[in-house]
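Read through the structure below, which is laid out as structure tokens, and then see the notes.
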Amino acid sequence: MARNYDIICFGDEVPGILALVCAAREYHRRTGKYPSSLLMLKGNSQLGIGGHLVRGGLSYLDRSAVPIPIRQSYNLDTFGDSPAIYQEFLQRSAVHKIALDPLKADAALRGMLGEVHADIISNIEIESVLREGEKITGIKLVREETYLAKQFIDCTVNAELAQAAGVKKLKGFETFGLPDSELAVTLVFETQGLEIEKLTWVEEQYLKRFTNLADTDAQGWINIAAGFDGALAQRLRDSLKDEQGKLKTMYVGDDYIDVRSKALSIAYHAFRDTPLSLEKSGTILDNGNIAILDGGRLSWNAVLYNVNADQAEALARAKAQPTPEMLREMEQVIKWFKSLGATDVKPAHELYIRHAGNITGAVEPLTGAKMLAGGVPDNEALGTFGYHFDIRGGIEGLDMRAASKGLASLVFIDLPLFNIGIQHALIKDTPNLAVVSPASGFEGYASSAGRIVEFNCGVGQGVGIAAGMALFANFNMTDFSDKNVRNILVETGRLPKIYGATKTVQARELGNFETQIIA
């Protein structure tokens, strides 16, 4: 027996949930009633809904980076003018600046879904996708249930629904000609009982010892972390001080901590007797992004696990569950943090998988060069987002491939500040499906900035509005342009300020790099 819905969101990452909410609200705005909508996820909803921000525990939010002159010129807050739906989510989750409590996020998302009368089913597996011509018509589950709908949103990191529907997805960083390479994955963990004052003191002691050449024990620890490479050991020592020669102590903000040095990383790897190298050790304790939560909890985005493209895809399909090897390493992390004073260390339920390939066939793919050129035109823009081309843990083989083609390594690329559209999330040959995730139609460096949740929530807001309009008019999402969506944002008073920056020379250089490296 089949159940009929107007719209289905496959996956429960926050951008997809917010897209579903926006679709239902837009349809309600036009008709006075909510569409029938369904949130369908592979994970266990009893452990929370909200994907890697909730079950994956990623509490330290990456926010839009806006240069100070732009902020002053446009009278913007620290993080610029975020999409209205994202601001609402942060407010309902009681986020002050950076730190998102997974429990509060789960409650906020459930509240928003409840208001639009969305159903939720979890622990599902796709058996097949039903199609009529170009369109998806339904999803058949392994447990012999079929769910039909008119519009579909895929917010999974690996575009799993799109793949099942026959949309081609490039493996890993195939857009760089590196189909086996992939970004590292993380198992976020929370510490309890490790007070901030104690943590900063411990780090400062390590910093002093590592920069003291007379401290033979500490220098031995650096050598272990450097894999007994003298030149690397010296680079590690040098990196512990800033340009003024001051120790790079961690920065403690209102609700977050930025770890600026590798002092804790060196100490951990000395404890483990392993090199501070993702390639050689398979796991590293990287500089931590720490969210300060209620009740003395600190949430750490710090442990990186090396994976290739096939492993990232397999992990995504396996409900982002950490492998036994990952859990064994986490046991060592727990042991070490307890030695620093933590009374409890609790890993998240799921991994944070940063990237797992990109779909092809988007209406208009988005490249890093286009981001540097400012994104979509100002008069079509749905918002603006800024973020470094952050390839945390690195893309294995990229420098070597660039060198083999005579391309200079692009070390000094400016932060792109670009206008948001939705055409890279829409699929030409499957016009009632959108992929709103790190697996959208990104090419080259675009996936590194395009994988960030805040950006994808802006895209999700636009996709949701397009889905709502499509339901109302019995059209496809691809029938709507960025300008159509922008008009709705203007009409409803939700259009944020637009301040994308055009960096013509760098955009041309990056465009040449992205084109030639794949040739």
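Here, each number is a calculation from the coordinates, and none is a lab measurement. Since the structure is predicted, the reported quantities are computational estimates derived from the model, not experimental observations. For neighbour counting, all protein chains shown are included, and Cβ atoms are generated from backbone atoms with ideal geometry for every residue, glycine included.
The phi torsions of segment 261-277, fed into the Karplus equation with coefficients 6.51, -1.76 and 1.60 and a -60° offset, translate into couplings of 10, 9, 4, 5, 4, 4, 4, 5, 5, 5, 4, 7, 6, 9, x, 7, 9 Hz, rounded to whole numbers, with Gly and Pro shown as x. Of the residues I498, L53, G220, the one whose Cα sits farthest toward the positive end of the charge dipole of the chain, with +1 on the Cβ of Lys and Arg and -1 on the Cβ of Asp and Glu, is I498.
Could you pull out the pairs from K248/K338; K135/K171; K208/K338 whose alpha carbons sit more than 30 Å apart here? Distance filter (> 30 Å) returns an empty set. This model, with +1 at the C-beta of Lys and Arg and -1 at the C-beta of Asp and Glu, gives segment 246-298 a dipole about its Cα centre of some 280 debye. Annotation for segment 435-491: GluC sites (Glu not before Pro) lying in DSSP loop with at most 12 further Cβ atoms inside 10 Å of their Cβ do not exist.
Given 37 °C and 0.692 mPa s, compute D for segment 124-201 with the Stokes-Einstein relation, Rh being the Kirkwood radius over Cα pairs; round to the nearest whole µm²/s. Translational diffusion coefficient: 202 µm²/s. The translational diffusion coefficient of the chain, from Stokes-Einstein at 37 °C and 0.692 mPa s with a Kirkwood hydrodynamic radius over alpha carbon pairs, comes to 139 µm²/s. When +1 charges are put on Lys and Arg Cβ atoms and -1 charges on Asp and Glu Cβ atoms, the dipole computed for the chain relative to its Cα centre reaches about 360 debye. Note on segment 390-490: percent of Cα-Cα distances in each 5 Å bin, starting at 0 and stopping at the bin with the largest distance, equals 2, 11, 20, 19, 14, 11, 9, 7, 4, 2, 0. For the chain, the longest principal axis of the C-alpha atoms and the axis of helix 324-340 are separated by about 50°.
Looking at segment 180-237, the chymotrypsin sites (Phe, Trp or Tyr not before Pro) that sit in a DSSP loop and have at most 13 other Cβ atoms within 10 Å of their own Cβ are F228. Each of L90, S122, Y387 was placed along the dipole of the chain (beta-carbon charges, centred on the mean Cα), and the one lying farthest toward the positive end is L90. Among all the lysines, which ones have a C-alpha under 17 Å from K319's C-alpha, if same-chain residues fewer than 8 places away are not counted? Result set, ordered by chain and number: K42. Summarising the overall dimensions of segment 32-92 from its C-alpha atoms, the Rg and Dmax are 16.6, 46 angstrom. In degrees between 0 and 90, to the nearest 10, how far off the longest principal axis of the chain does helix 453-473 point, with axes built from Cα atoms? The answer is roughly 10 degrees. Volume per residue of the convex hull around the Cα atoms, evaluated for segment 325-447, comes out as 195 Å³. The convex hull of the Cα atoms of segment 185-353, projected and averaged over all directions, covers 10.2 nm².
Along its first, second and third principal axes, ordered by size, segment 223-268 spans 39, 26, 9 Å in Cα coordinates. Between the residues T360, A342, M330, the greatest Cα displacement towards the positive end of the dipole of segment 296-369, with unit charges on the Cβ of Lys, Arg, Asp and Glu, is found for A342. State log₁₀ I(q)/I(0) for segment 1-144 at q = 0.10, 0.15, 0.16, 0.20 Å⁻¹ as given by the Debye formula over alpha-carbon point scatterers of equal weight, solvent excluded. One equal scatterer on each Cα of segment 1-144 leads to -0.42, -0.84, -0.92, -1.21.
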